[in-house]
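Visitor: Here it is, the structure in full.
The values are calculated or read from the model by the stated rules, or taken from the named source; none is laboratory data. Only a predicted model underlies this, so the values are computations on that prediction, with no experimental measurement involved. Cβ placement follows ideal geometry from the backbone for every residue including glycine, while neighbour counts extend to all protein chains displayed. Protein only, heavy atoms only, side chains kept; ligands, DNA and RNA dropped before computing areas. Shrake-Rupley method; radii C 1.70, N 1.55, O 1.52, S 1.80 Å.
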Amino acid sequence: MLQLPTLARVKLERLLAMEEEARDAASSIARRASELARARSTAPVTERPGMDQELTRLQDRLVDLQERHRNLSNLCGNIKHWVSITSGTYDMAKLSRAMPEGVKSTRTPAQAVSNVRKQIKALAAERMRVLQSGVPAADLKEQASAYVQTQRENGRPKLVFGHTITFQAQFNALVDGAWTTKQDIGAALAWLDPVAFEKRLHEDIDRLPQPTLAMSSQDRAAKLLALEAELLACEREEEALIEWSEEQGAAVHRKLDADPRAVLGIVLAGSKKSKPERITAA
């Protein structure tokens, strides 16, 4: 289980306290609304309009508090789950104390957070597009050629012969990872005629549908690293804006899938840049 830095533990404890406060406040409002509803049934007709207005106000407030409690409860649960399954040493990230960048071009905290979330959504969409990218045909052909060479060695038959034994060439190569024992016909074909086998594989690759986006494994990995770093930077900016909104008395709910590293303000010890590992909400 991950040992959080002191300030990160304080932040998590504050979120847990906010969850309890929201729960207690919702319970209090629910009791008041229930008592007022019972009192209304026996109240004079002249007092009922005012009581109805107060009931409406309490019910609206109750909905807001219940939503806040659900949000904080799920968020804290996700963070605690992440902490329980994460290993390594984390330090507090060196975050800027200046006013968040998104505040300068907006009038309200909600607008600033909304703008950052649009950036996060766009980056997440781009990340998914890269994750789903195909392999270029040239790379596939290189892999196919390497496969044929490997299979050529695996497919070499075992020669059985002797003075009293009938000569045999036994092809005993088996398919790796098969649930049951299964002879690897491809290995035998690669040994018999590797050139023809490789040519047929290349022809099949040429007939495959072309992917919308094709990237080499190296380019794909590098792009994902860059996108993950951008995502984490945006999530940190979002958290800074949410904290600013709380200071302004106009708190904005955190996303349920908010990155725990951004919420707690932590970074893997010894890393100059944010790690690319993406956090999935539990």
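Visitor: Restricting attention to the range 238-271, which residues are among the small types (Gly, Ala, Ser), modelled with pLDDT of 90 or more, farther than 19 Å from Lys118 by Cβ and open to solvent by 10 Å² or more (accessible area, probe 1.4 Å)?
Guide: The answer is none; no residue qualifies.
Visitor: Out of the range 181-193, which residues are open to solvent by less than 80 Å² (accessible area, probe 1.4 Å) and farther than 12 Å from Asn154 by Cβ?
Guide: Asp193
Visitor: Identify, by number, the condition in (1) under 26 Å from Lys80 (Cβ atoms); (2) open to solvent by 30 Å² or more (accessible area, probe 1.4 Å); (3) of a type in the set (Lys, Arg) that Arg31 doesn't meet.
Guide: Checking Arg31 against (1) under 26 Å from Lys80 (Cβ atoms); (2) open to solvent by 30 Å² or more (accessible area, probe 1.4 Å); (3) of a type in the set (Lys, Arg), the one that fails is (1).
Visitor: Quick test of your reading of the structure: Leu62 fulfils all but one of (1) modelled with pLDDT of 90 or more; (2) not in a helix (DSSP H, G or I). Name the failing condition by number.
Guide: So the condition that Leu62 fails would be (2).
Visitor: Another question about this same structure. Identify the single condition in (1) open to solvent by 90 Å² or more (accessible area, probe 1.4 Å); (2) not in a helix (DSSP H, G or I) that Ala178 does not satisfy, given that it satisfies every other one.
Guide: Condition not satisfied by Ala178: (1).
Visitor: So Glu203 passes all but one of these: (1) without any contact (Cβ under 8 Å) to a residue 12 or more places away in the chain; (2) farther than 30 Å from Arg129 by Cα; (3) more than 34 Å from the chain's Cα centre (by Cα); (4) part of a helix (DSSP H, G or I). Which condition number does it fail?
Guide: The one condition Glu203 does not meet is (2).
Visitor: Next up: Suppose we filter Lys80, Lys11 for residues that are within 23 Å of Arg254 (Cα to Cα), touching a residue at least 24 places away in the same chain (Cβ under 8 Å), crowded, with 18+ Cβ neighbours inside 10 Å and not aromatic (Phe, Trp, Tyr); which single one remains?
Guide: Lys11
Visitor: Still on this structure, please answer the following. Considering only residues of the range 126-165 that are in a strand (DSSP E or B) and in contact with a strand residue (DSSP E or B) (Cβ under 8 Å, 6 or more places away or on another chain), which is surrounded by the most Cβ atoms within 10 Å (Cβ to Cβ)?
Guide: Gly134
Visitor: How many residues does the range 212-245 contain that are within 20 Å of the chain's Cα centre (by Cα) and more than 26 Å from Gln111 (Cβ to Cβ)?
Guide: Result for the range 212-245: 8.
Visitor: Please work out if Leu72 is among the aliphatic types (A, V, I, L, M) and modelled with pLDDT of 90 or more. Spell out the reasoning first.
Guide: On the way: among the aliphatic types (A, V, I, L, M): yes; modelled with pLDDT of 90 or more: yes.
Yes.
Visitor: A follow-up question, please. So which of Ala178, Ala214, Ala190, Ala221 ends up being closer than 29 Å to Asp139 by Cβ, in contact with a Phe, Trp or Tyr (Cβ under 6 Å, 6 or more places away or on another chain) and of a type in the set (Gly, Ala, Ser)?
Guide: Going through Ala178, Ala214, Ala190, Ala221 in turn, just one is closer than 29 Å to Asp139 by Cβ, in contact with a Phe, Trp or Tyr (Cβ under 6 Å, 6 or more places away or on another chain) and of a type in the set (Gly, Ala, Ser): Ala190.
Visitor: In addition: Would you check if there is a residue in the range 188-198 being within 28 Å of Gln132 (Cβ to Cβ) and without any contact (Cβ under 8 Å) to a residue 60 or more places away in the chain? Outline the logic, then answer.
Guide: Step one: filter the range 188-198 for residues within 28 Å of Gln132 (Cβ to Cβ), giving none.
Scanning the range 188-198 turns up no residue that is within 28 Å of Gln132 (Cβ to Cβ) and without any contact (Cβ under 8 Å) to a residue 60 or more places away in the chain.
Visitor: Then there's this: Evaluate the following for Glu237: is it assigned to a helix (DSSP H, G or I), in contact with a Pro (Cβ under 7 Å, 6 or more places away or on another chain) and not hydrophobic (A, V, I, L, M, F, W, C)? I'd like the intermediate steps shown before the answer.
Guide: Values: assigned to a helix (DSSP H, G or I): yes; in contact with a Pro (Cβ under 7 Å, 6 or more places away or on another chain): yes; not hydrophobic (A, V, I, L, M, F, W, C): yes.
So Glu237 passes the test.
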